[in-house]
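Take a look at the structure below.
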Amino acid sequence: MSEVTSARDDSSAPHLLAARLRLSMVRLSRQLRRMDPSELTIAQFSALATVVRNGPLGIGHLAEIEGLPSPSATRLADKLEIAGLVARRMNPADRRGVQLVATPKGSELLERRAQIGNAWLAGHLSALGKADRLAVERTVTVLESFATERPGETLTAAGDRHESKEILR
């Protein structure tokens, strides 16, 4: 095996690839946040996006989607409500429960941030050739599955989800 082939094989080792991927994602996230700095933390922004896209929803459902314990989701909802980005409404199906709904201010903030970041990314993507854009598209599909994976769940090569056998024992 040549040195070039060996170096390529080493660079795709899962632990090395993971380190490169994580650092790239951190840097990309930082670039996007610089374009439109917000008073929101990443967790608050993610929770707001979940409410805008999936609302109205209960705090338990928010916790499930965000992969958080209920008390953390409650604190996030409290902060978003104080900022005027979400509101609590009575759940029509359960008078004891409440649902979170995005306010116009919350929806507008999310839309503004998306437009700015999407335009920046689209500019970079448009400079790529077709093969590289297709590679990015495939990568995004895999990353989306990572982002929605839950503890104890793994993905097959085809992208199907199943519970890890270690968890089931």
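The values are calculated or read from the model by the stated rules, or taken from the named source; none is laboratory data. As the structure is a prediction and not an experimental result, all values here were calculated from the model. Glycine also receives a Cβ, built like all others from the backbone with ideal geometry; neighbour counts cover every protein chain displayed.
Hey, among the residues in the stretch 123-150 that are polar (S, T, N, Q) and within 19 Å of Q31 (Cβ to Cβ), which one's farthest from the chain's Cα centre (by Cα)? Reasoning before the result, please.
Step one: list which residues in the stretch 123-150 are polar (S, T, N, Q), which gives 126, 139, 141, 145, 148.
Checking the rest, the ones that are also within 19 Å of Q31 (Cβ to Cβ) come to 126, 139.
Numbers: S126: 23, T139: 14 Å.
Taking the candidates together, the pick is S126.
Could you pull out the residue among R89, R95, R75 that is out of contact with any Cys (no Cβ under 8 Å at 6 or more places or on another chain) and closer than 25 Å to P37 by Cβ? Reasoning before the result, please.
Values: R89 fails: closer than 25 Å to P37 by Cβ; R95 fails: closer than 25 Å to P37 by Cβ.
The conditions single out R75.
So which residues in the stretch 69-90 are touching a strand residue (DSSP E or B) at 6+ places or on another chain (Cβ under 6 Å) and closer than 19 Å to I42 by Cβ, if there are any at all?
A77, L80, V86
What number of residues within the stretch 14-72 satisfy the criterion of being surrounded by fewer than 11 Cβ atoms within 10 Å (Cβ to Cβ) and either of a type in the set (A, V, I, L, M, F, W, C) or over 16 Å from E144 (Cα atoms) (or both)? Before the answer, list the steps.
The first filter runs over the stretch 14-72 and keeps only residues surrounded by fewer than 11 Cβ atoms within 10 Å (Cβ to Cβ), leaving 14-15, 18, 22-24, 26-27, 30, 34, 37, 39, 42, 69, 71.
With either of a type in the set (A, V, I, L, M, F, W, C) or over 16 Å from E144 (Cα atoms) (or both) added as a condition, the list becomes 14-15, 18, 23, 26-27, 30, 34, 37, 39, 42, 69, 71.
Final tally of qualifying residues: 13.
Can you find a residue in the stretch 67-88 that is β-branched (V, I, T) and within 23 Å of V142 (Cα to Cα)? Spell out the reasoning first.
Of the stretch 67-88, the ones β-branched (V, I, T) are 74, 82, 86.
Now restrict to residues that are within 23 Å of V142 (Cα to Cα): none.
No, the stretch 67-88 contains no residue that is β-branched (V, I, T) and within 23 Å of V142 (Cα to Cα).
Restricting the first residue to the stretch 107-134 and requiring it to be surrounded by 11 or more Cβ atoms within 10 Å (Cβ to Cβ), which pairs with a second residue that is of a type in the set (S, T, Y) meet a Cβ separation below 8 Å and a spacing of at least six or different chains?
L109/S38; R113/S38
Out of the residues in the stretch 36-56 that are in a helix (DSSP H, G or I) and of a type in the set (V, I, T), which is modelled with the lowest pLDDT?
At the first step, the residues of the stretch 36-56 found to be in a helix (DSSP H, G or I) are 42-54.
Still in the list and also of a type in the set (V, I, T): 42, 50-52.
Numbers: I42: 86, T50: 95, V51: 97, V52: 96.
The selected residue is I42.
Find the helices (runs of 4 or more DSSP H) located wholly in the stretch 69-152 whose residues include 3 or more that are closer than 16 Å to L57 by Cβ and among the hydrophobic types (A, V, I, L, M, F, W, C), and list them.
Working: elements: 70-82, 104-126, 130-148.
Here the list reads 70-82.
Which number in (1) more than 18 Å from the chain's Cα centre (by Cα); (2) free of Cβ contacts under 8 Å to residues at least 12 places away in the same chain marks the one condition that G58 misses?
(2) is the only condition that G58 fails.
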